[in-house]
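A.B. asks: Pasting a structure here, questions to come.
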Amino acid sequence: MIRPIEYDKDEVLKAATELFWKKGYELVSMNELVEVTGLNKHSMYDIFGNKSGLFSAALKHYCDSAPDEIKQLSNKPYGIDSIEKYLRFLAEYAGSEDCIGCLVINTIVENEQVDDGVVKVAEEHIHEMRKDIEKNLKSAQNQKNISSDKNCRDLANYIICFIQGMMVSGKMETCADNMNKLVDTVISTLRR
């Protein structure tokens, strides 16, 4: 009789997520995944199908287990303060020596090497983030914190581009003050 595979899915996904996040999809080998997850190759293929399947599951785990500061855009109260807190949190991370970017953004940047289905997961996450930012911007307009003549969809796209740039820059720079000054500029642009 074959024993069922015993593993802690959250621990496996956490370990795989950290490895993919640090090295990128292409540079991670199956041997490294076996080592960090504790699964053997046969079990890994049975559970996730292949490396791409494990990466897709890891990316979903990354998005689902984001800290509360990341999820605050989708929680009330909506408005400019939520956007600013969110951007300040990201700026602190991007300005830290620990910054290795955002796994979602890194995945989109690495899209040539990553399965289309995985890139789609990353793009869907960005789409949801854009919707949450737009919802907060519309609330800020209703609160008269942003001019009513501004296009919230365009501003949401602007903020997404800023976030993407900040996460990539954070992999190069380690100065939180500079990142916070950039957030100051974005917030003042929104309020004009």
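The values are calculated or read from the model by the stated rules, or taken from the named source; none is laboratory data. Note that the structure is predicted; figures quoted are calculated from it, not measured. Cβ atoms come from the backbone with ideal geometry, glycine included; neighbour counts cover every protein chain shown.
A.B. asks: Being closer than 11 Å to Ile133 by Cβ and of a type in the set (Val, Ile, Thr) is the filter here; which residues of the stretch 146-163 pass it?
C.D. replies: Ile159, Ile160, Ile163
A.B. asks: Right, here's the next one. Counting only residues that are touching a residue at least 40 places away in the same chain (Cβ under 8 Å) and acidic (Asp, Glu), how many does the stretch 94-127 have?
C.D. replies: 3
A.B. asks: Quick one: would you say Leu90 is part of a helix (DSSP H, G or I), in contact with an Asp or Glu (Cβ under 7 Å, 6 or more places away or on another chain) and closer than 21 Å to Lys171 by Cα?
C.D. replies: no
A.B. asks: Consider only pairs whose beta carbons are under 6 Å apart and that are at least six residues apart or on different chains; among these, list those whose first residue lies in the stretch 178-192 and is under 17 Å from Asp81 (Cβ atoms) and whose second residue is of a type in the set (A, V, I, L, M).
C.D. replies: Between residues of the stretch 178-192 that are under 17 Å from Asp81 (Cβ atoms) and residues that are of a type in the set (A, V, I, L, M), the close pairs are Asn180/Ala91; Val183/Leu87; Val183/Ala91; Leu190/Ile146.
A.B. asks: Please determine whether any residue of the stretch 129-144 is part of a helix (DSSP H, G or I) and among the acidic types (Asp, Glu).
C.D. replies: yes
A.B. asks: Filter the stretch 85-118 for residues that are surrounded by 19 or more Cβ atoms within 10 Å (Cβ to Cβ) and among the aromatic types (Phe, Trp, Tyr); which is nearest to Lys9 (Cα to Cα)?
C.D. replies: Applying the filter and picking the extreme gives Tyr93.
A.B. asks: Tell me which residues, restricted to the stretch 53-84, are in a helix (DSSP H, G or I), touching a Ser or Thr at 6+ places or on another chain (Cβ under 7 Å) and more than 19 Å from Asp10 (Cα to Cα).
C.D. replies: Gln72, Leu73
A.B. asks: Filter the stretch 129-171 down to the residues that are of a type in the set (Asp, Glu) and at pLDDT 95 or above and list them by number.
C.D. replies: Correct list: Asp132, Glu134, Asp154.
A.B. asks: Have a look at Ile108, Ile146 and point out the one that is farther than 20 Å from Ser188 by Cα and either touching a strand residue (DSSP E or B) at 6+ places or on another chain (Cβ under 9 Å) or of a type in the set (A, V, I, L, M, F, W, C) (or both).
C.D. replies: None of the other options fit; the residue is Ile108.
A.B. asks: Shifting gears a bit: Please go through the stretch 145-192 and give me each residue that is under 10 Å from Ala94 (Cβ atoms) and either of a type in the set (Lys, Arg) or not assigned by TED's automatic domain parsing to the domain that holds Ile105 (or both), ordered by number.
C.D. replies: Correct list: Lys171 only.
A.B. asks: Select, from Leu90, Leu155, Leu103, the only residue that is touching a Leu at 6+ places or on another chain (Cβ under 6 Å) and either within 29 Å of Lys60 (Cβ to Cβ) or not hydrophobic (A, V, I, L, M, F, W, C) (or both).
C.D. replies: Going through Leu90, Leu155, Leu103 in turn, just one is touching a Leu at 6+ places or on another chain (Cβ under 6 Å) and either within 29 Å of Lys60 (Cβ to Cβ) or not hydrophobic (A, V, I, L, M, F, W, C) (or both): Leu155.
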